[in-house]
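> Dropping the structure in here first, questions after.
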Amino acid sequence: MAERMVGKQAPRFEMEAVLANKEFGKVSLEENMKNDKWTVLFFYPMDFTFVCPTEITAMSDRYDEFEDLDAEVIGVSTDTIHTHLAWINTDRKENGLGELKYALAADTNHEVSREYGVLIEEEGVALRGLFIINPEGELQYQTVFHNNIGRDVDETLRVLQALQTGGLCPANWKPGQKTL
């Protein structure tokens, strides 16, 4: 039976990553917390696939909006940093990513995917999991999608803004509307 994660401290992580400047480095939840940042952590199955680049580039194209909300975006798959870099260096017209404004992390030992409950063990890939973690390290939101379906960046931003109000947000709440 799966254990509830929302409302609890998120599993801590530190992973190798390709940073926005295309250099290899590390990303960690602790670093984001230290910098008083929200974390938008999303998992995707594999590099060089079909649905994944649509999500990854859509998040990058809207990254400034996440940044304005004091949020760091981190994309994660079980591929290596070298595969990530090759995909980033592939033009979008050729099913690549092109320039990205946030880090792609490599969960090659599957530890983080497993801790967040998105690992498909028999395939060694992650489901499309999305997690929003506040600056105190508490997991505030989680969704997990089938790998055939891409996520909605507008909805991710809306949920992040709703969480940041600290209030009760009714169904179909939009930024700028009153909370309950």
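The values are calculated or read from the model by the stated rules, or taken from the named source; none is laboratory data. Because the structure is a prediction, the values reported are computed rather than measured. Cβ sites come from the backbone with ideal geometry, for glycine too, and all protein chains shown count toward neighbours. Remember, those area values only see protein heavy atoms, side chains included, never the ligands or the DNA or RNA. Shrake-Rupley method; radii C 1.70, N 1.55, O 1.52, S 1.80 Å.
> Restricting to segment 114-147, what's the tally of residues that are in a loop (DSSP other than H, G, I, E, B), closer than 22 Å to VAL51 by Cα and either open to solvent by 10 Å² or more (accessible area, probe 1.4 Å) or not hydroxyl-bearing (Ser, Thr, Tyr) (or both)?
Adding up the residues that qualify gives 9.
> Would you say GLY150 is of a type outside the set (A, V, I, L, M), farther than 26 Å from PHE24 by Cβ and surrounded by fewer than 16 Cβ atoms within 10 Å (Cβ to Cβ)?
no
> Then there's this: Pairs please, first residue from segment 47-66 and touching a residue at least 12 places away in the same chain (Cβ under 8 Å), second anywhere and among the polar types (S, T, N, Q) and open to solvent by 70 Å² or more (accessible area, probe 1.4 Å), Cβ atoms under 8 Å, 6+ apart in sequence or on different chains.
Between residues of segment 47-66 that are touching a residue at least 12 places away in the same chain (Cβ under 8 Å) and residues that are among the polar types (S, T, N, Q) and open to solvent by 70 Å² or more (accessible area, probe 1.4 Å), the close pairs are VAL51/ASN148.
> Of the conditions (1) touching a Ser or Thr at 6+ places or on another chain (Cβ under 6 Å); (2) open to solvent by 50 Å² or more (accessible area, probe 1.4 Å), ASN95 fails just one. Which one is it?
The single condition ASN95 does not satisfy is (1).
> Sticking with this one: Among the residues of segment 66-84, write down those that are more than 25 Å from ILE132 (Cα to Cα) and surrounded by 14 or more Cβ atoms within 10 Å (Cβ to Cβ).
Within segment 66-84, THR83 is the sole residue that qualifies.
> Would it be correct to say that THR90 is surrounded by 16 or more Cβ atoms within 10 Å (Cβ to Cβ), at pLDDT 95 or above, in a loop (DSSP other than H, G, I, E, B) and not acidic (Asp, Glu)?
yes
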